[in-house]
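First up is the structure itself, then whatever we jot down about it.
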Amino acid sequence: MQSDLLSLDEAINKIKSNFKKIGNEDIFLKNALGRCLAKPIISEIDNPKYNVSSMDGYAVNYKDFAKLKDSKFKKFKIIGESSAGVPYSKKLNTCETVRIFTGAKLPKGSNTVIIQEDVKVSNDTNYIIIEESPKKNQFVRKRGLDFKKNNILFEEGTILKSRHLGSIAMTGQAWLTVSRKPTVSILSTGNEILKVGEQISKDKIPNGNSLMLASMIQEFGGIARILPVAKDNLQDIYEILKDALDSDLIITTGGVSIGKYDLIQKVLSKFENKIEFWKIAMRPGKPLLFSKINNTPLIGLPGNPVSSGVCSLIFVNIAIRKMLGDNSYFPLFENGVLNGQMSKNDKRLDFVRANSSYNNGVLKVTPFNLQDSSMITNFSRADCLIVRNPFDKAITNGENVKVFKFPNNI
């Protein structure tokens, strides 16, 4: 039996094909955490910039050991020391050595380090005595071991993490070209919706969706702008949307179905409007709408908080990734093992809220008993979604399932 609703993959491809990378900006390195590279990081220097010691010890020339091969004890004269940032500036002559410390530059004429545990220092501290011959280049970090000049360290489209920033700092670069953060405006509709901070009154509910979506957008890499709450009034919704057309993306929450007070599609007809799709074969989130109004993309999310959250995790996330130029693959699904029972599925792809844990390296997932799309607290307590294909058979304890883990901080 074939569903007449748009599939998840078809909806994802529609979203991907209608968004493209937006503009760039230059930012200071210390502010770059979480940003998306718009240009690759190309090293301007070698790292290390020269051969350095990886241990505390003594720098010597390996060739000297050939000259001393008949001697049981190899004797080297100590002529100075080299420490990180304060190198020994002269060249070593035959059978001379320099006390060297971890990270210090090897002096000219040396190519090998003897660790301090393997030498005996003379009583007058003028010489060291070595019994065993070393290997050439031992305990030496060669110039450019980490990266060489003109190497590409990180490609365009990389989302920068703390570890990236450390590597980039080693190149000496202080300014990076990153993608501009897209501005995403959020419109909540409904006579029952209160503004954030308003006192809860009879027949009214707090605007939890906007805060949840705004924080998600920030985590996805965008700038969230919460619009005024619109009453169930065509003109009110129209005026607020018109003022938000400068956004890179508009998100509405609620009002996308076909009820008396579902007014979003009626309002869209007042704009130069192209509806790319409406309704997809997934639960929760069936009445998802994707449109363009005066060339500004609009994603109409369902009003139920779980439906809104799940659709945002997938579709809003993908849209922002495309605008940033993020080149990582998404969405990612993992293999897990069911802890519990699940009845057979109907014609829609089903995202089931669940909790996960690892047992001997195996991802085990336990679904919540209640899955109503209004139950935001279960959504808050979950850390993953079990993904069930249309017409999936009943699943018993211990069987394999497909899992979508929530991104960090969502």
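The values are calculated or read from the model by the stated rules, or taken from the named source; none is laboratory data. Nothing here was measured: the structure is a model prediction, and the numbers come from that model. Positions of Cβ are backbone-derived with ideal geometry, glycine not excepted, and every protein chain shown enters the neighbour counts.
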Practice task
Could you grab me the full set of residues in segment 359-384 that are at pLDDT below 95, assigned to a loop (DSSP other than H, G, I, E, B) and over 19 Å from SER343 (Cα atoms)?
Solution key: ASN360, GLY361, SER374, MET375
Fill in the blank from the handout: Restricting segment 3-26 to residues that are under 19 Å from VAL387 (Cα atoms) and modelled with pLDDT under 90, the one farthest from the chain's Cα centre (by Cα) turns out to be SER3
Practice task
Please work out which residue is modelled with the highest pLDDT, limiting yourself to segment 252-280 and to residues that are within 30 Å of PHE391 (Cα to Cα) and surrounded by 20 or more Cβ atoms within 10 Å (Cβ to Cβ).
Solution key: ILE280
Exercise for the section: Tell me, yes or no, whether segment 137-144 has at least one residue that is over 17 Å from ALA59 (Cβ atoms) and under 39 Å from the mean Cα position of the chain (by Cα). Expected result: yes
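Taking the options LEU33, LEU37, name whichever one is among the hydrophobic types (A, V, I, L, M, F, W, C) and surrounded by 15 or more Cβ atoms within 10 Å (Cβ to Cβ).
Numbers: LEU33 fails: surrounded by 15 or more Cβ atoms within 10 Å (Cβ to Cβ).
LEU37 is the lone residue from the list that is among the hydrophobic types (A, V, I, L, M, F, W, C) and surrounded by 15 or more Cβ atoms within 10 Å (Cβ to Cβ).
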Problem - Members of segment 385-405 that are farther than 22 Å from MET212 by Cβ and either among the β-branched types (Val, Ile, Thr) or part of a loop (DSSP other than H, G, I, E, B) (or both) - result: ASN389, PRO390, PHE391, ASP392, LYS393, ALA394, ILE395, THR396, ASN397, GLY398, GLU399, VAL401
Handout entry: Single residue of ILE395, ILE410 found to be modelled with pLDDT under 90 and of a type in the set (Val, Ile, Thr)
Key = ILE410
Exercise for the section: Collect the residues in segment 365-384 that are of a type in the set (S, T, N, Q) and in contact with a strand residue (DSSP E or B) (Cβ under 7 Å, 6 or more places away or on another chain), keeping them in residue-number order. Expected result: THR366, GLN371, ASN378
Handout entry: Residue check, SER343 outside the structural domain of PRO302 (by TED's automatic domain parsing), surrounded by fewer than 20 Cβ atoms within 10 Å (Cβ to Cβ) and within 26 Å of the chain's Cα centre (by Cα)
Key = no
Practice task
Considering every residue within segment 245-254, establish whether at least one is over 30 Å from ALA32 (Cα atoms) and of a type in the set (A, V, I, L, M, F, W, C).
Solution key: no
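Quick one: is LYS14 in a loop (DSSP other than H, G, I, E, B) and either free of Cβ contacts under 8 Å to residues at least 24 places away in the same chain or surrounded by fewer than 20 Cβ atoms within 10 Å (Cβ to Cβ) (or both)?
Working: in a loop (DSSP other than H, G, I, E, B): no; either free of Cβ contacts under 8 Å to residues at least 24 places away in the same chain or surrounded by fewer than 20 Cβ atoms within 10 Å (Cβ to Cβ) (or both): yes.
When the stated conditions are applied, LYS14 does not pass them.
Residues that are aromatic (Phe, Trp, Tyr), under 28 Å from PHE351 (Cα atoms) and in contact with a helix residue (DSSP H, G or I) (Cβ under 8 Å, 6 or more places away or on another chain): which strands (runs of 3 or more DSSP E) entirely in segment 213-312 hold 1 or more of them?
Once the strands (runs of 3 or more DSSP E) in segment 213-312 are filtered for at least 1 residues that are aromatic (Phe, Trp, Tyr), under 28 Å from PHE351 (Cα atoms) and in contact with a helix residue (DSSP H, G or I) (Cβ under 8 Å, 6 or more places away or on another chain), what remains is 273-278, 289-293.
Identify the residue in segment 113-126 that is β-branched (Val, Ile, Thr) and in a loop (DSSP other than H, G, I, E, B) and, among all such residues, is surrounded by the fewest Cβ atoms within 10 Å (Cβ to Cβ). Spell out how you get there, then give the answer.
Step one: list which residues in segment 113-126 are β-branched (Val, Ile, Thr), which gives 113-115, 119, 121, 125.
Now narrow it down to the ones that are in a loop (DSSP other than H, G, I, E, B): 119, 125.
Values: VAL119: 19, THR125: 9.
Checking each candidate, the answer is THR125.
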Problem - Filter result for VAL387 (crowded, with 19+ Cβ neighbours inside 10 Å and touching an Asp or Glu at 6+ places or on another chain (Cβ under 8 Å)) - result: yes
Completion exercise
Reported set for segment 30-77 where residues are in the same structural domain as GLY172 (by TED's automatic domain parsing) and without any contact (Cβ under 8 Å) to a residue 12 or more places away in the chain is ASN31
Problem - Of all residues in segment 65-83 being part of a strand (DSSP E or B) and under 52 Å from the mean Cα position of the chain (by Cα), the one that is surrounded by the most Cβ atoms within 10 Å (Cβ to Cβ) - result: SER82
Problem - Pick from segment 84-112, criterion in a loop (DSSP other than H, G, I, E, B) and of a type in the set (A, V, I, L, M, F, W, C), ranking: farthest from ASP64 (Cα to Cα) - result: ALA84
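Hey, can you tell me all the residues within segment 300-313 that are among the aliphatic types (A, V, I, L, M) and modelled with pLDDT under 95?
So in segment 300-313, the residues among the aliphatic types (A, V, I, L, M) come out as 301, 306, 310, 313.
Matches in segment 300-313: LEU301, VAL306.
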Completion exercise
Here the residues within segment 313-354 that are under 21 Å from SER374 (Cα atoms) and assigned to a helix (DSSP H, G or I) are LEU313, ILE314, PHE315, VAL316
Fill in the blank from the handout: Of LEU249, LEU241, LEU187, the only residue that is touching a Pro at 6+ places or on another chain (Cβ under 6 Å) and at pLDDT 90 or above is LEU249
